[in-house]
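These notes are about the structure you will find just below.
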C-alpha cells in the first residue's frame, strides 16, 4: 500500500517535472532565436552570442543585497503565516510552539520542490507528529489557511485588474482575443458534465466502504475547518493575512530591483507582474517551473522589457525567490526542528523520571 502510494506520487512528480522542463525548453528555444536576431542586428560575433552564457552572466551579475531582502521577506511572510495558523489552532484547544509552526511551514515549501502540492500534507503531518495533534484536525487548519490564501489572492487579482485596466486590456488583446469561444468554454463544460455525472450516480457510490471511511475522516477535518468561526482574534487574523501577502510582494519587487533591466519598473508594474507570477505558480510543476517563467515573460513584454532580459529575470526570480529560499530555509528548518524537538523530549523524559 505504502509502496504503491509512493510509486503513484513519484510518477506524478515525473509527469509534472517533464511538463515544467518542456515549457522551459520551449521558452529557451524561442529566446535563443530572439537573442541570435539581436546579435545579428547589433553585429555581435556568433561566439559571443550564446544564450546560456548570457543567462548565467545575468544571474551572477545581480545586485546581491536585494537577494538578502528576498530571503528576509520570504521568512517574514511565513512568520506571519505561522502567527495566523496559531490563531486557527486556538479554538481547537491546541497551542503548538512557534518553532514547530514556522518550521513545518518552511519545510512544506521545500517539499513542494520535489512533489508539487505535497507541502500541505507534509505540513499537517509534521505538526501532528511534533505537537500530538490529530492529523485530520491539523489538515482542517491547513485547509483554512489555503482557503484564506485563495480568497486573498482573488482579492489582490481583482484590485490589480481594477487599478491596472490598461495593462490587462493590452495583455488580453495581445494573447487571448483571438482564442475561439469554443476553446474558452472547454474547461467549464467538462466541469459541468463531471458534476452532473457525480450527482446522478450518487446513490451508487455513497455506500462504498472507501466513501464511508472518507466521511469519518471528513468529520474530524470539518472540526478543524469550523474553528475559523470561533477565532478569538479576528483583527489580528486579518492583519497577519495582509502581512503575508505584503511580504510576498516585497520578494518580487526586490527581485525586480536586483536586475538592472527591470529595476526601473514602478510599484504598480511590480504588482501586475506579481499577479501573473502567482498565477503561474498554480500549475503543479516543481516550484511553478516553466509556467511561472512563461507568464512573467508575457507580462514583462507589456512593459517593453527585451524578451531575452525577461527570460533572464524569470530565471533570477525563480531561482532566488522560489528555489533558493525554499531550499535553504526548508533544510534549515528541518535541522532546527530536529534539535529543538529532541531537546523537548529529553526535558519531558527527565520530568517523568
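Here is how the numbers come out for the structure above:
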read-out	value
Protection proxy ranking of 251-264, 53-66 - average other beta-carbon atoms within 10 Å, highest first	251-264, 53-66
Relative pair counts by distance (%), Cα atoms of the range 251-330, 5 Å bins	3, 17, 30, 28, 15, 6, 1, 0
Packing-based ranking, highest mean first, of 338-347, 241-250 given that Cβ atoms within 10 Å are counted	241-250, 338-347
Segment residue 29-residue 98, extension gain: residue separation times 0.36 nm, minus the distance between their alpha carbons	20.2 nm
Residue 260 paired with residue 169, simple spin-label distance in nm, labels 7 Å along Cα-to-beta-carbon	3.6
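Any read-out appearing in this document is the output of simple, stated calculations on the displayed coordinates, not a laboratory observation. No experiment lies behind these values; they were computed from the predicted model shown. Ideal geometry is used to build each Cβ from the backbone, glycine not excepted, and the neighbour counts take in all protein chains shown.
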